Amino acid sequence: MNKLFTTAALVCALSLGFTSCSKDDDNVIITEQEYQAKVSVKDGETVNLANISRTSNSQGTINRKGNVYSLRNFKQFIVDDDNKATTTAATTYYFDFKENDGASNNNFMIYVNAKGSNVDFATNSLKGYTLSYIDKAFDEVKASDQFIAATNNLLGLQSAYAPNVIGWANYTGAPNHQVLAVANRTIIVLKDNKPFFKIRMNSVYENETMNREVAPNNYFFYSIDYQELK
């Protein structure tokens, strides 16, 4: 970080008299080696996105244990014309694992749908992110593993009604109508075709617990574990 701050100061000094430096140093080019997430989470710490997110419409918590981050009860809300969050839940949530933060629909890494029985998980291909998966326990997955590319950079909902669909979750159908994560299926986000993050999808229910056995209604609150692959 000392290098980053030195770089920022140098840019400000050189630009003095021509233009003012922004408070957030938005014009500083940050190399991969200098990169630091916008939302910093210390080992053993839990942060509340509602208090520190750069978005106005994200809620949930992030906990870190070693190099594994746990996003819990992630939810986003529709924003009004003044970019203020409303109390109406959004139908699509956006997140950026490298920033440990919620995102908007123009600067996201991944999105997850949050409407009806649609729980699609997809990447922002315009920014070079693609999607694969592997049927292997999250803790055991390594960057050198052989991954299977997801069709159209998307993993959705599989069920007996759609036998040819490969997704990250199973839909149980009537009478319970539950959405359950596929056990030991690890999602891989790649950047420019290189494995970048591994993801374990846990639940779409608040506190990872369905509030009733038939047609639970305490969703969508995403629970996701993620870790950078190196």
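Read the figures in this text as sums done on the coordinates, not as results from a lab. Since this is a predicted model, take the numbers as computed values, not measurements. Cβ sites come from the backbone with ideal geometry, for glycine too, and all protein chains shown count toward neighbours.
Worth pointing out:
- Flagged links, alpha-carbon separation over 27 Å, of 38/65; 75/142; 75/191; 115/194; 65/142: 75/142; 115/194
- Local net charge near residue 224, Cβ-Cβ under 10 Å (Lys/Arg +1, Asp/Glu -1): +1
- Between the alpha-carbon centres of the stretch 178-224 and the stretch 42-81 there is a gap of 15 Å.
- A DSSP coil position with no more than 15 other Cβ atoms inside 10 Å describes the following chymotrypsin sites (Phe, Trp or Tyr not before Pro) in the stretch 128-186: 161.
- Nearest-0.05 FRET efficiency for residue 142 and residue 105, computed from C-beta distance (R0 41 Å): 0.80
- The 3J(HN,Hα) values that the Karplus relation (6.51, -1.76, 1.60; θ = phi - 60°) gives for the stretch 38-47 are, in residue order, 5, 9, 8, 10, 6, 4, x, 9, 10, 10 Hz. Gly and Pro appear as x.
- Under Karplus coefficients 6.51, -1.76 and 1.60, residue-wise ³J(HN,Hα) of the stretch 137-148 in Hz, glycine/proline x: 4, 3, 5, 9, 6, 10, 4, 7, 5, 9, 9, 9
- Seen from residue 202, the other residues with C-beta closer than 14 Å to its C-beta sum to a net charge of 0, counting Lys and Arg as +1 and Asp and Glu as -1.
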